[in-house]
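*Asks:* The structure that follows is given in the form of structure tokens.
Read-outs throughout are calculated quantities, based only on the coordinates presented, and are distinct from any laboratory measurement. All values derive from a computational prediction rather than experimental measurement. Cβ placement follows ideal geometry from the backbone for every residue including glycine, while neighbour counts extend to all protein chains displayed.
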Amino acid sequence: MTFETILFDVSSGVATITLNRPDKLNAFIPAMNHDVMAAIRICTTDDSIRAVILTGAGRGFCAGQDLGERAAHFALGGDPPDVGETLDTLYNPLVRAIRALKKPVVVAVNGVAAGAGANLALNGDIVIAARSAKFIEAFCKVGLIPDVGGTWHLPRLVGRSRSLGMALLGHPVSAEQACEWGLIWAVADDDALITEATAIAQQLAAGPTKALGAMKQAFNASESNTLEAQLDLERDTQRIMGQSDDYREGVTAFTEKRKADFKGR
Ligand code: T3D
């Protein structure tokens with residue numbers, strides 16, 4: 001399948017989605033929302049894909065919504081757009097799809113991540129950023145609030161004071177600062193980012209896919225569950241995992257002192 005605004009490649013069980021509007025720092029136009037959504041659908045249904053990388057082409061990861069499109073609309077005397085509708089139809093489905101995908105998503109933040117671009121990145125399961133990358137909650141500069149899950153993820157990841165500081169001031173946060181705060185998993189040298197992200201994704205793609213997907217679901221559920229409810233969920237999920245081929249293989253490989261050969265079943 002070919003796309004207009006992204007690159008999509010599958011190799012050794014890893015699908016790589018590359019946002020591809022480098023001249024605009026990969027800012028989102030509706031076609032890009034649709035393309036990313038279609039790529040995630042493929043990742044959902046294709047059993048040969050067992051991990052996903054999301055990254056950007058050129059020097060930026062993603063500069064959020066394409067403001068050029070909005071500016072052109074205002075310049076023509078257009079009525080204010082229904083931005084809520086944009087979120088409902090274009091961005092929120094992406095957040096839901098990434099979180100619901102029962103395969104790990106590695107986000108490789110190759111450069112600046114601003115506005116919706118920053119918050120899209122935070123929906124990844126493992127976020128690794130190039131040392132030169134920065135995260136900007138740019139919404140305050142255009143009279144909006146953080147969206148694409150930002151008001152949900154930020155306080156959970158870095159606490160109220162840091163998330164409000166980022167949102168109210170819109171200051172760039174460096175990759176190293178982001179990592180120190182716990183906003184992201186790791187920082188890589190710029191020229192090593194894709195190699196390191198690919199190594200992580202390949203490790204994940206060779207893992208027990210059902211268990212990794214179930215881990216995502218369990219951690220998602222923990223965000224709103226009581227401990228009692230979570231203990232029940234762990235029991236029920238573990239009961240299912242215990243029936244998987246990969247559990248049998250993992251235990252057998254341990255006793256045979258060899259590396260497990262997980263098939264994702
Ligand atoms: O529908 C809705 O509106 C709701 C959804 C809203 C979600 C949002 O994302 S709101 C926030 C939108 N994003 C921003 O406010 C960020 C805007 N961009 C910037 O502040 C800066 O570009 C950056 C800090 C990200 C990077 O700065 P810098 O100096 O490294 O690059 P630059 O020169 O500003 O940008 C390079 C090019 O990309 C430039 O194009 P040109 O002049 O060379 O033709 C610039 O206009 C373009 N670009 C960057 N961001 C956007 C963009 N074009 C359209 N939309 C953008 N968001």
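*Asks:* Per DSSP helix of 4 or more residues, -39500 (n - 2.57); summed, then divided by the residues of the chain. What does that give at 222 nm, rounded to the nearest 500? Kindly include the intermediate steps, with their values, before the conclusion.
*Replies:* Working: 11 runs with 124 residues, N = 265.
So the helix-based figure for the chain works out to -14500 deg cm²/dmol.
*Asks:* Which angle from 0 to 90°, rounded to the nearest 10, does the C-alpha axis of helix 245-255 make with the longest principal axis of the chain?
*Replies:* In the chain, helix 245-255 runs at an angle near 60 degrees to the longest axis.
*Asks:* Relative contact order (percent) for the chain, with alpha-carbon contacts under 8 angstrom and 6 or more residues of separation?
*Replies:* Working: 478 pairs, mean separation 45.3, N = 265.
Relative contact order here is 17 percent.
*Asks:* Per the Debye formula with a single identical scatterer at each Cα and no solvent contribution, what log10 I(q)/I(0) holds for the range 161-255 at q = 0.17, 0.19 Å⁻¹?
*Replies:* -0.99, -1.04
*Asks:* Assigning unit charges at the beta carbon (Lys, Arg +1; Asp, Glu -1) and nothing else, what dipole magnitude in debye, to the nearest 20, does the chain show about its Cα centre? If you can, show how the numbers build up before the last one.
*Replies:* Details: 26 positive and 31 negative charges, 107 e Å.
Roughly 520 debye, rounded to the nearest 20.
*Asks:* Pop out the Kirkwood hydrodynamic radius of the range 1-158 from its pairwise C-alpha distances, inverse of mean 1/r, in Å to one decimal. Please report the intermediate quantities before stating the final value.
*Replies:* Details: mean 1/r = 0.0633 Å⁻¹.
15.8 Å is the Kirkwood radius here.
*Asks:* Continuing with this model, one more query. Let me know the whole percent of all Cα-Cα pairs from the chain that are separated by more than 27 Å.
*Replies:* Here the long-distance tail beyond 27 Å is 40 percent of all Cα pairs in the chain.
*Asks:* For the range 156-174 and the range 185-206, what is the separation of their C-alpha centers, rounded to whole Å?
*Replies:* Cα centroid of the range 156-174 versus Cα centroid of the range 185-206: 25 Å apart.
*Asks:* Find which of 187, 44, 227 sits farthest along the positive direction of the dipole of the chain, computed with +1 on the beta-carbon of Lys and Arg, -1 on that of Asp and Glu, about the Cα centre.
*Replies:* Projecting each Cα onto the dipole axis, the largest value belongs to 227.
*Asks:* Same structure again: Please give the helix 150-169 orientation as an angle from the longest Cα principal axis of the chain, in degrees from 0 to 90, rounded to the nearest 10.
*Replies:* 30
*Asks:* Round to the nearest 10 and give me the degree value, 0 to 90, for the angle of helix 209-222's Cα axis relative to the longest principal axis of the chain.
*Replies:* Taking the Cα atoms of the chain, the angle to 209-222 is about 60 degrees.
*Asks:* On to the next question. State the Cα centre-to-centre distance between the range 82-101 and the range 4-51 in whole Å.
*Replies:* Using only Cα atoms to place each centre, the spacing works out to 15 Å.
*Asks:* May I ask which of 103/263; 216/263; 24/141; 216/259; 102/257 have a Cα-Cα span longer than 20 Å here? Intermediate results must be reported in sequence, preceding the final value.
*Replies:* Values: 103/263 13 Å; 216/263 18 Å; 24/141 18 Å; 216/259 24 Å; 102/257 29 Å.
Listed pairs above 20 Å: 216/259; 102/257.
*Asks:* For the range 1-114, with the dipole built from +1 on Lys and Arg beta-carbon atoms and -1 on Asp and Glu ones, taken about the Cα centre, which of 56, 101, 81 lies farthest toward the positive end?
*Replies:* 101
*Asks:* Over the residues of the range 71-142, compute the C-alpha Rg and express it relative to 2.2 N^0.38 Å.
*Replies:* On the way: Rg = 14.9 Å, N = 72, 2.2 N^0.38 = 11.2 Å.
Here the answer is 1.33, to two decimals.
*Asks:* Next question, about the same structure. Cut-off 10 angstrom, C-alpha nodes, Gaussian network model of the chain. Which of 77, 13, 149 fluctuates the most?
*Replies:* 77
*Asks:* Could you tell me the relative contact order of the range 139-234? Use alpha-carbon pairs under 8 Å, at least six residues apart, and round to a whole percent.
*Replies:* Values: 35 pairs, mean separation 16.3, N = 96.
About 17 percent, as a whole number.
*Asks:* Let me know the shape class of the range 110-236, please: from the alpha-carbon gyration tensor, a ≥ b ≥ c as square roots of the eigenvalues, rounded when a/c is under 1.5, otherwise prolate if a/b is greater than b/c, or oblate. Provide the component values of the computation, followed by the final result.
*Replies:* Values: a/c = 2.48, a/b = 1.24, b/c = 2.00.
Oblate shape, in that a/c is at least 1.5 and b/c is the bigger or equal ratio.
*Asks:* Quick one: among 106, 251, 52, which has the greatest mean-square fluctuation in a GNM of the chain with alpha-carbon springs under 10 angstrom?
*Replies:* Maximum among the listed residues: 251.
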